[in-house]
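Taking it in order: structure first as structure tokens, then the write-up.
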Amino acid sequence: QVRLVESGGGLVQAGGSLRLSCVASGSFTRVNTMTWYRQAPGREHELREVVAMITRGGSEDYSDSVKGRFTVSRDNAKNTMYLQMNSLKPEDTGVYYCNAEIVERDAMTYWGKGTLVTVSS
């Protein structure tokens, strides 16, 4: 059974840093594009916001709201994606979810359960 598990969330003051991790486990052939999403408190009825994504080959993309502050990376050997978050702002508060396209026999999309990031002002 394929699983995505996020970790690294917590409470931090504005201006601080956190590093999130997402590990894919189970029986599969390959992990393709991996993406970080977030959802702000009280906005569960809205679509999750794309924060950053990284292809298997290492091409990165970011939302305008985090460019220059967040860095996404991955270790293909460990099936792990990271999100280094610097200069955090209160508006970065939310649940951060990992999403990945994972190839078993076919490519399927999986989600983690999320990790909470709270930035205090």
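Normalising the average separation of contacting C-alpha pairs (under 8 angstrom, six or more residues apart) by the number of residues puts the relative contact order of the range 51-120 at 22 percent.
Over the chain, accessible surface divided per residue gives 55 Å², non-protein components excluded, 1.4 Å probe. Counted by Cβ distance under 12 Å from residue 113, the other residues give a net charge of 0, where Lys and Arg count +1 and Asp and Glu count -1.
One chain, two ends: residue 101 and residue 50. Fully extended at 0.36 nm per residue, the span grows by 16.9 nm beyond their Cα-Cα distance.
Using all Cα-Cα distances in the range 26-121, what percent lands in each 5 angstrom bin from 0 up to the longest? With a bin width of 5 Å, the distribution comes to 3, 13, 23, 24, 18, 11, 6, 2, 0, 0.
Summing charges over all other residues whose Cβ lies under 15 Å from the Cβ of residue 78, with Lys and Arg as +1 and Asp and Glu as -1, gives +3.
The distance separating the Cα centre of the range 70-121 from that of the range 5-64 comes to 2 Å.
Rolling a 1.4 Å probe over the protein heavy atoms of the chain, with every protein chain left in place, gives an accessible area that is 46 percent carbon and sulfur. Antiparallel beta bridges, as assigned by DSSP with both residues in the chain, represent about 90 percent of the total such bridges.
The values are calculated or read from the model by the stated rules, or taken from the named source; none is laboratory data. Remember, predicted model here, so these are calculated numbers, not experimental data. Using ideal geometry, Cβ is built from the backbone for each residue, glycine included, and neighbour counts are taken over all protein chains shown. Surface areas here come from the heavy atoms of the whole protein model, side chains and all, with no ligands, DNA or RNA. Shrake-Rupley method; radii C 1.70, N 1.55, O 1.52, S 1.80 Å.
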